[in-house]
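Chemist: Quick one: the structure is below, and I'll ask about it shortly.
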Amino acid sequence: MSGPPPKPTALKRLEGNPGKRKLNDNEPQPVAGCTAPAWLTPGARAEWDRVYPEIERLGLMTVVDRAAFAAYCIAVDVMERATTEMMPTADNRLPELTEKKTRATGAESLRREAMKTIKSFATEFGFTPASRSRIEVKQAGENALDALMADEPN
């Protein structure tokens, strides 16, 4: 199959179905929301706690999205820890050159891989300005998220 991956029907509805094609009314509808996995590292859990409330509010999280979102959170934790490892010590001293080079090379490799992972998951969840620019949330009375939004305090 070539071309971009198909958009979920819910996303097409949020956008107002710009292609005006028939929407798939039989698309699976996983249960909304989920809980954080107990096995997340403290840093990954901090990212989960920071971002999850907003994606849940927007109706973008379901039980089947849990692993993908957890992977995003873990990648953020890996990136943060690798970046911290590459930083100078509190007294602004760098480790010996050979140790520094080994640490920086390993940490930089981990950091780069984590950043690639973060970008791919961030695009899937609409966490980047470019991916959000493709989503148009209609005003109250115009879309399927009205019921969700009505439950939110102002």
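The values are calculated or read from the model by the stated rules, or taken from the named source; none is laboratory data. Just so we're clear, the structure is a prediction, and the values are computed from it rather than from any experiment. Cβ sites come from the backbone with ideal geometry, for glycine too, and all protein chains shown count toward neighbours.
Chemist: Looking at (1) at pLDDT below 70; (2) within 30 Å of residue 9 (Cβ to Cβ), which is the one condition that is false for residue 125?
Modeler: Among (1) at pLDDT below 70; (2) within 30 Å of residue 9 (Cβ to Cβ), the lone unmet condition for residue 125 is (1).
Chemist: So, in the range 88-121, how many residues would count as being over 27 Å from the mean Cα position of the chain (by Cα) and either modelled with pLDDT of 80 or more or assigned to a helix (DSSP H, G or I) (or both)? So that I can check it myself, show each step before the final result.
Modeler: At the first step, the residues of the range 88-121 found to be over 27 Å from the mean Cα position of the chain (by Cα) are 88-103.
Filter again for either modelled with pLDDT of 80 or more or assigned to a helix (DSSP H, G or I) (or both), leaving 97-103.
Total meeting the criteria: 7.
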